[in-house]
Amino acid sequence: MLFSKYTNKTSEESLAELESSLHGLSKKEVSFRQEKYGLNQVKEGGVKVFKIFIKQFKSPFSYLLFIAAAVSFLIGQLIDGLAVLFFVLINVVIGFIQEYRAERSVYLLKNFISEKTRVIRSGKQEFIEKKFLVPGDLVFLEQGDKVGADMRILEAHNFLVDESVLSGESMPLQKTAQALKNQQTEIFRSENIAFEGTLVVSGRAKALVVATGKDAVIGSISKTISEIKRESAYEKNILYFCRLVLKIVVITIGLIFAANILFKGFGVFFEIALFSVALIVSILPEALPAVVTFALSKGALKMAKQKVVVKRLAAIEDLGNIEVLCADKTGTLTQNKLSLEEIVSSDKKKILLYGALSLGAGRNNEKILNPFDLAIYNKVPADIFKKSEKIKIISELPFDSYRMRSSYLAETKPGEKILVVKGAVEAVLQSCSKFSGSFSRSEIKEDAEREGSNGKRILALAFKKVEKNKEEVKASDEKGLTFLGYFVFEDPLKPSAKETIEFAKKLGVQIKIITGDAKETAEFAVRKMGIKVDKETSITGRELEAMLGEDFDDACDRCNVFCRISPDTKYKIIKSLQKKYEVGFLGEGVNDAAALKAANVGIVVEGASDVAREAADVVLLEKNLRVLINGIKDGRMIFSNINKYIKCALASNFGNFYSIAAISVFINFLPMLPVQILLGNILSDFPLISVATDTVDVEELKKPKMYQLQNVLPLIVSLALVSTVFDFVFFAIFYRQQPPVIQTLWFIESILTEILLIFIIRTRGKFWKAKRPGFWLLSLTIIDAIFVVALPFLNMGQTWFHFVAPPFTLLLIVLAEITVYFFVSEFVKLVFFRYWKFSQNK
């Protein structure tokens, strides 16, 4: 292990070993080392083409088709058997192309998400992608970062790292910059090494890269860390639905097979067996995997262009299913550009001086990430800032969501040290026993509430002198402080905030704001956004934590604004809401990780901490709630189009299935040959696959849970019955014709009725008032219809599929019957949705 030889070396020795310095590497040296060591990444396998191809054969649909082919060969139907195998190949090719495109899409989408880290090169700080790190680079690490390479720590301030990904140790470990007495080869004993893939829990550090890529510990592990793959709720729903359909079909086929043998004898065993297998294949929506995969991959690429990147394709449907979206307002609905509006203190010079102590980064032209610090930095006069440069920070406790404050131990001059604490007003006041000037505890609270009610944000500051031999600050030191004053900030709303909230309401998505802000501040901003806020719909973390059971659940359901919420409570809110809703959670910090994992869809922004991004399903490339709401809309469009295919395929297939199966018992020939059934299956799916590109009515974008498959099963059954009735009408009209003529005409009728059914089912309203169909759906439908009518007149149709050219008058009768079928089916649909809508509103 390369890291081990640096464990017992000092910082200076480690820098010398790697021929680096505190100024970092030069650009020329970086280029040389990138050629020598390669990129800092373990090579990925990419898209496995052969594996995807073989996978297409591993499905019940393919197995049934192979059985059908085998039966054909056994009874001497060579052409029929070859035709069946041809259909297997078509299904495999379609499935392969779509799944390959999806896998390729996901592989390419990773390029949208870049993990960056802060380094020193040629004496200047810059942000680079982690894959460009080289041994000898100097890196800054802070809370929430995922370590990008194996590194020797040079400086550490309250630096804790979670190494569970490597060692299995659940507790975070304190890291040090000191050289160890002996060289260590074991991970958990290497206290001055930060390993690639581990997570920074708290504090900050400066570290030296010692190993990258395959030379890092994680690079030497044969199986790299993989994400937990969640199964989409929609995937489960489809799988359950398909299994139910298969059970019904197999039982029905068993009865029909037995009836045929009973009435016609064992002489037709093989013929009926082939016919039965073909019927089973005809009823199953075998193009469903291709439709789903195509819709999701197309949707993923579209979302990526709109700055929404999905880490797993199934998350698109889950995104569309969101009924409640929990989010912090900062940055998503506000501009996250705090400006310091006012300083309230009896000694404004002192509070600015102490407020500037944590701004050491600014003195070196580094980027200040904390918006409060940046706002203070922009207001600190040059003379005060110069004075703050002479004050040395010895130790610090970074801000965290539990304590709601940060602390700094500083040496103001030799032999004199102070402790400075800044944070939320209530958190700082708890630690204060003295007040400078004319401040009083009650006045401060009143002032903070007043400013908060006006949408302002408050950062309080207190201090105390400490003994001169103190070297480290602890949470227990935060007591007996003197309250010095507070800063007043403002974070304006984004221009699109109110419009975004209105759009979410139209989609039926509830927005719940979960924030660390004071109640008054949050309520003011949320009210401006157009979200209802009053005493009943706003609550603090402390109030919520005092509740149990149903009271807690009722509060979570009722409230729109949650203030001063801790990470644990955030997690509990998500779990509570999931009892009634599909919940999305938008977060970005380490403290959001548990809530992100718990939510049905975890969403982060690109600049989120690594641990948060690791737990998420969706990454927003722009920190704007409008981007996410558009993603929800796109998810619902995809959800709607996939459902169109399922409803159409099952309604038409069930209708034809039951009529063919029933009529086969009472006539002395097969109503449709197996090869014709299988061809019809392919041709009916041909335009249906393009339904993934179809337009969607506005009504389809509302309340997706109400339109799940089980809810529209009565519609599917109703339309299937209409199809069955018209099949019997067909036989009543043509039963005197020769079997080949009947088989040909029924083939035409079956395919054309299924094509027309697409235009009935694609909307809940009147078909002529629906949005115009997508280009590909309309084009492929026209091509398919022309081919179906022309095929019996072609030599290929007559030779391969045993069709005959039907008389023109009979063809016109079929077309007339199809027209009547269309309007009857449209009427049944309109009646169903009128009654269904009424029943849903009762």
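Observations on the structure shown:
- Cβ-Cβ contacts under 7 Å between residues 6 or more apart (or on different chains), taken from a first residue in the range 475-491 that is closer than 15 Å to residue 448 by Cβ to a second residue that is assigned to a strand (DSSP E or B) and of a type in the set (Ser, Thr, Tyr), are listed as 484/345; 485/345; 489/339; 490/339.
- Residue within the range 203-212 that is surrounded by 19 or more Cβ atoms within 10 Å (Cβ to Cβ), at pLDDT below 90 and within 28 Å of residue 474 (Cβ to Cβ) present: yes
- Only helices (runs of 4 or more DSSP H) whose full extent lies in the range 267-373 are considered here, and the ones with at least 3 residues that are more than 30 Å from residue 652 (Cβ to Cβ) and modelled with pLDDT under 65 are 360-363.
- Screening the range 127-182 for residues that are farther than 20 Å from residue 395 by Cα and among the polar types (S, T, N, Q) and picking the one that is modelled with the lowest pLDDT gives 170.
- Filter pass, residue 451 being among the acidic types (Asp, Glu), at pLDDT 90 or above and within 23 Å of residue 406 (Cα to Cα): no
- Taken together, the residues in the range 394-412 that are out of contact with any helix residue (DSSP H, G or I) (no Cβ under 6 Å at 6 or more places or on another chain) and either under 16 Å from residue 464 (Cβ atoms) or of a type in the set (Ser, Thr, Tyr) (or both) amount to 10.
- Test: residue in the range 498-509 that is at pLDDT 90 or above and either under 21 Å from the mean Cα position of the chain (by Cα) or surrounded by 14 or more Cβ atoms within 10 Å (Cβ to Cβ) (or both): no
- Test: residue in the range 754-764 that is out of contact with any helix residue (DSSP H, G or I) (no Cβ under 6 Å at 6 or more places or on another chain) and either outside any helix (DSSP H, G or I) or not polar (S, T, N, Q) (or both): yes
- Residues that are farther than 26 Å from residue 390 by Cβ and surrounded by fewer than 22 Cβ atoms within 10 Å (Cβ to Cβ) within the range 435-451 comprise 435, 438, 439, 440, 441, 442, 443, 445, 446, 447, 449, 450, listed in sequence order.
- Selection status of residue 512, over 29 Å from residue 344 (Cα atoms), among the charged types (D, E, K, R) and surrounded by 20 or more Cβ atoms within 10 Å (Cβ to Cβ): yes
- Residue list for the range 792-808, filter: in contact (Cβ under 8 Å) with a residue 24 or more places away in the chain and buried (at least 20 other Cβ atoms within 10 Å of the Cβ): 792, 801, 803, 806
- Near pairs, Cβ below 9 angstrom, 6+ apart or cross-chain, from the range 683-705 (farther than 16 Å from residue 652 by Cα and among the polar types (S, T, N, Q)) to any residue that is outside any helix (DSSP H, G or I) and at pLDDT 75 or above: 690/774; 693/774; 695/762; 695/770; 695/771; 695/772; 695/773; 695/774
- Residue ID - nearest to residue 397 (Cα to Cα), chosen from residues in the range 183-198 that are in contact with an Asp or Glu (Cβ under 7 Å, 6 or more places away or on another chain) and either part of a strand (DSSP E or B) or modelled with pLDDT under 80 (or both): 193
- Out of 530, 485, 480, one residue alone is assigned by TED's automatic domain parsing to the domain that holds residue 354, surrounded by fewer than 21 Cβ atoms within 10 Å (Cβ to Cβ) and on the phi > 0 side of the Ramachandran plot. It is 480.
The values are calculated or read from the model by the stated rules, or taken from the named source; none is laboratory data. All figures in this text were calculated on a predicted structure; none of them were measured in a lab. Using ideal geometry, Cβ is built from the backbone for each residue, glycine included, and neighbour counts are taken over all protein chains shown.
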